[in-house]
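What follows draws every value from the coordinates through simple rules; no lab data is involved. Keep in mind it's a predicted model, so treat the numbers as computed, not measured. Reconstructed Cβ throughout: ideal geometry from the backbone, glycine too, with neighbour counts over all protein chains shown.
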Amino acid sequence: MIKNLDQIFLLFEHWIVSFLPVAWRPMGAIILSVLAIISIFPALFALTTVFERKGLGRIQNRIGPNRVGPLGIFQPIADGIKSLTKEDIVPTSADGVVHFLAPIVQVLAVFMGFAVLPMGRNMVLADMDAGLLFYFSMGASTELSVFMAGWSSRNKYSLLGAMRAVAQMISYEVTLLLSAVPVVMIAGSLSLTKIVAAQNYYTHGLPHWYIFTPWGLAGFVLYAIATTAETNRSPFDLPEGESELVAGYHTEYSGFKFALFFLGEYLAMFSISGMGATLFFGGWAAPFPFLEWIPSWIWFFSKLMLSIFVFIWLRGTLPRLRQDQLMNFAWKFILPLCLLNVLVTALWHFLGVGWERWVFCSLILALAYVLMGLGGMRGMKVGPRRYRYAE
Amino acid sequence: MNIAFYVSAVLTLAGALASVLLKNKVHCALALTVAFTGLAFLFLNLNAQFAGFAEIMVYVGAVAILVVFAILLIKGSETPLHGAFSRSWPIGATIAAGIFALLGWAVIESASHLPKNTPTHAVTVDQIGQALVYRYVLPLEVVAILLTVALIGAVIIALHEDGRTQ
């Protein structure tokens, strides 16, 4: 019974596919899986928008959406209908074809990333040998769509936003890739199912997730910073800084094209959170052996939603960075730490099992963090803030 | 030779042709990315996952963006009024045709020297990694040093004349 619940989606798929003629079955199974992905994640997106607006409202001491349905739960439906019925405005000077293609390219590239994510036991659409590489190459192609949107709009705010976004995404993509490298080094594979399998065992009832190692913890923190920047979320949301750029690269988009950009942004958040869970938090694995009766897909989606909650929390808490702070942070602090983390992971591997590697690796990383932090702060005048109220 | 091959071949050729023939430079750059994507599909069609994904990540993700940045930052990025061809196009076409003929000749010649019907097996990423860090470790290191030197050189060029860091 528990086993069936764990594999319920696969059993359901087999049951539907069994109605098809034998020759069509493999194709039918693939189409069903794709349909599941492209219906579940947008549904999750709709829920998350309410969740986010409610959460932000709570953080900012207000109520949030509460008009449509009980507690405002039907707000995304109203938003969806609104964006579908709104006029689709394309500026007269805009580059029509590129302007039209940009949101499609973005959503397409983001959806491709879900193909390699293992969302539960045996629940992966394409179990590729180079799954991680596929995922990051799809993530890299979204940058182009951002540029296409900003350039084709023929609007200075759009272009500035796109330039900021592209510069930021390229800078943080380096750290994103490098923060995932230690996991590949230890797991010895780029296949995501193998990375999950490498973490999915227990000693003394404790899991072997990579987050519970010095290099894993450092790698995860670096990964989390890089993903926040990569998805243009606050505090790295300069590309759409409302106070300066109206809405950044999608200023000139209206109606459903704007909704597509919005969707793409949130889907990127989901997939990159899922990737973080897969790399550092054991993917669909349960935290303790006695909790293994809970289906694997529930674990995966709870980890994903927990990370979405942290994203929302950060957005409600942290102020926006400045452009030079953003770049200096990426190239002078995060990147050296990432490179060091790769070396520390090699040290961890070659020191062998024992307590020494825990001490050495933790010490090196902590020392590097403290020293680089102090070095970066030197010469900066950090003191109590002086407020000037309309002097 | 299957449908996937023809689709990606047409995509590559159409993208490459468009990148030469279009008027607007940014359109050319975007068409070039279409050609890169087609090329990646061709690699994937040959079961070369690493080469295919690396093609997308490096060329579509990074090189295309750099090309576009360069176009936007240099002068004269406006669309020319009269045609996209420069006056020296016959020379360029001759050189391109010459190189194409040479490469085509080399490929056709080498085909007769290869053993027929060798089974193509997929090379895993694991094997590529093993080859890179064991057998070809020296070339890899040389390439790494070259890239590092290029990076440092770029930073030095970007520095202010009087040595102030910015």
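Details
- Selected from A:R378, A:R53, A:R67 as most flexible by GNM, with chain A as the system and alpha-carbon contacts under 10 Å: A:R378
- Placing R0 at 30 angstrom, the Cβ-Cβ distance between B:S110 and B:Y136 gives a FRET efficiency of 0.85 after rounding to 0.05.
- Neighbours of A:L314 by Cβ distance under 11 Å: Lys/Arg scored +1, Asp/Glu scored -1, total +1.
- Convex hull volume per residue for segment A:79-374, taking Cα atoms only, in Å³: 134 Å³
- B:V10 versus B:L102: modelled label distance in nm, points set 7 Å from Cα along the beta carbon direction: 3.3 nm
- Placing +1 on the Cβ of every Lys and Arg and -1 on the Cβ of every Asp and Glu, with nothing else charged, gives segment A:39-166 a dipole about its Cα centre of roughly 680 debye.
- Pairs beyond 26 Å (Cα-Cα), from A:K86/A:K156; A:K86/B:K23; A:K156/A:K332; A:K82/A:K303; A:K332/A:K381: A:K86/B:K23; A:K156/A:K332; A:K82/A:K303
- Seen from A:S153, the other residues with C-beta closer than 10 Å to its C-beta sum to a net charge of 0, counting Lys and Arg as +1 and Asp and Glu as -1.
- Label-to-label distance for A:I81 and A:E242 is 2.5 nm, based on points extended 7 Å past Cα in the beta-carbon direction.
- FRET efficiency, B:V63 to A:A43 (Cβ-Cβ, R0 35 Å, nearest 0.05): 0.45
- Förster radius 56 Å - calculated FRET efficiency between A:F12 and B:V155, Cβ distance, rounded to 0.05: 0.50
- Overall form of the protein assembly as shown per C-alpha gyration tensor (a/c, 1.5; a/b vs b/c): rounded
- In plain terms, the chain from A:I31 to A:K194 could stretch by 56.2 nm, reckoned as 0.36 nm per residue minus the Cα-Cα distance.
- Cα gyration tensor shape of segment A:1-160, rounded if a/c is under 1.5, else prolate or oblate by comparing a/b with b/c: oblate
- Distance between the 7 Å Cα→Cβ label points at A:D88 and A:L339: 4.7 nm.
- Per-residue Cβ neighbour counts within 10 Å put A:L263, A:L351 in the sequence A:L351, A:L263, beginning with the fewest.
- Only Cα pairs under 8 Å and 6+ residues apart enter the sum, and on that basis the relative contact order of chain A stands at 20 percent.
- Taking A:F134, A:F270, A:F290 in turn, the Gaussian network model of chain A (Cα-Cα springs below 10 Å) assigns the largest fluctuation to A:F290.
- Charge sum, other residues only, whose C-beta stays under 14 Å from A:G255's C-beta, Lys/Arg counted +1 and Asp/Glu -1: -1
- Rounded, prolate or oblate (a/c below 1.5 giving rounded, otherwise prolate when a/b exceeds b/c) for segment A:218-297 by Cα gyration tensor: oblate
- Stretch gain in nm, segment A:A366-A:Q325, where the contour uses 0.36 nm per residue and the Cα spacing is subtracted: 12.5 nm
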